[in-house]
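The block underneath contains the structure these notes are about, expressed in C-alpha cells.
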Amino acid sequence: MKNLTIIDHPLIRRDLSILRDRRTNNHLFRTTLRRISSVMAFEVTRDLKLGRRTVRTPLEKTTGYTLVDEIVIVPVLRAGLGLIEGFLDFIPEARVGHVGIYRNEKTLEPVDYYSKFPRVLNNALVLLLDPMLATGGSGTAAISFLKQKGAKRIRFVSLLAAPEGVKKISAAHPDVRIFSTVLDRQLNSHGYILPGLGDAGDRIFGTE
C-alpha cells in the first residue's frame, strides 16, 4: 500500500481512542474530531511549496514566506464536514468546495447528489476529506468527479481506513496519495470498518 501514509502521533492516538469509544457523546466527538483534524492538516501539508517575501518587523526587514500553491479543501458530504474546521484553522486562505456522495445501503455503491467547486481546481492542490475510507466506492467516485472538473493534484484524507478501501482507490487512482491516522483490520458484511468507530456522520450530527 505504497500510496498510503499513516499519520502517527501520540495526540492522535489519544484522540482516536476517544472517538472510538461508544460512550463519547456528540459534542465531545465533534470537538475531538476538530482537534485531531488539525494535527492531520499539519502532516498532510508538510511538503507545500513556499515563496519568499520581505517582512518588516518592528526592528528591521527580514525574509518571510507565503504559500505558492492554491489550496482547495473538499469535504465529502456530510461526514467530511467534521474535518474541515481543523484544516481551515491551519490553512485559512484555502478555498472550499463540496461534493455530496452517499452509499446505497443495499448495493454499497456510491450515488452523487451535489457538487460545488471553486474555479481554480486545475491549478490547485485539492484535499479531499472523508473521515471513513471503507469500501472506497465513494472516495473513488469523488476523485473521478474532481478529475472530470479539472483537478490534477488530489490528496485523499481520512480518519480511518480499511485495507479494502485503500486498495480500491490505489487501483483506480494510483496518482492520489492517501493519508489516514490508522489502517483498521477489515470491513464487516455491511461495509463498516472494524474495529472502526461506527458511522462518523451519525456521531458528528447526533443522528444515530
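The values are calculated or read from the model by the stated rules, or taken from the named source; none is laboratory data. Given the structure is predicted, the values throughout are model-derived calculations rather than measurements. Neighbour counts run over all protein chains shown; Cβ positions are idealised from the backbone, glycine included. Accessible surface is based on the protein model in full, side chains and every heavy atom, while ligands, DNA and RNA are left aside. Shrake-Rupley method; radii C 1.70, N 1.55, O 1.52, S 1.80 Å.
Observations on the structure shown:
- Within the span defined as the stretch 117-131, every residue fails to be among the aliphatic types (A, V, I, L, M) and without any contact (Cβ under 8 Å) to a residue 24 or more places away in the chain.
- Where Glu105 falls short, out of the listed (1) open to solvent by less than 20 Å² (accessible area, probe 1.4 Å); (2) in contact with a His (Cβ under 9 Å, 6 or more places away or on another chain); (3) assigned to a loop (DSSP other than H, G, I, E, B): (1)
- Residues in the stretch 61-81 that are open to solvent by 70 Å² or more (accessible area, probe 1.4 Å) and either within 29 Å of the chain's Cα centre (by Cα) or at positive phi (or both): Tyr65, Val68, Arg78.
- Selection from the stretch 1-59 of residues that are surrounded by 12 or more Cβ atoms within 10 Å (Cβ to Cβ), farther than 13 Å from Val182 by Cβ and of a type in the set (Asp, Glu): Asp21, Glu43
- Take the conditions (1) under 15 Å from His173 (Cβ atoms); (2) surrounded by fewer than 20 Cβ atoms within 10 Å (Cβ to Cβ); Pro92 misses just one of them, which is (1).
- Residue match in the stretch 58-72 (condition: modelled with pLDDT of 95 or more, within 28 Å of Lys168 (Cβ to Cβ) and of a type in the set (Val, Ile, Thr)): yes
- Filtered residue count, the stretch 182-191, keeping only those that are open to solvent by 30 Å² or more (accessible area, probe 1.4 Å), within 24 Å of Val39 (Cα to Cα) and assigned to a loop (DSSP other than H, G, I, E, B): 1
- A count restricted to the stretch 142-181 and to residues that are open to solvent by 10 Å² or more (accessible area, probe 1.4 Å), in a loop (DSSP other than H, G, I, E, B) and without any contact (Cβ under 8 Å) to a residue 40 or more places away in the chain stands at 5.
Listed here are the residues, each with its yes/no results for (1) of a type outside the set (Asp, Glu); (2) closer than 13 Å to Leu159 by Cβ.
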position	(1), (2)
Ser17	yes, yes
Arg23	yes, no
Arg35	yes, yes
Leu83	yes, yes
Phe90	yes, no
Glu93	no, no
Tyr102	yes, no
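- For the stretch 82-116, a tally of residues being under 15 Å from the mean Cα position of the chain (by Cα) and without any contact (Cβ under 8 Å) to a residue 40 or more places away in the chain returns 7.
- Yes/no for Ser115 being assigned to a strand (DSSP E or B), out of contact with any Pro (no Cβ under 8 Å at 6 or more places or on another chain) and open to solvent by 20 Å² or more (accessible area, probe 1.4 Å): yes
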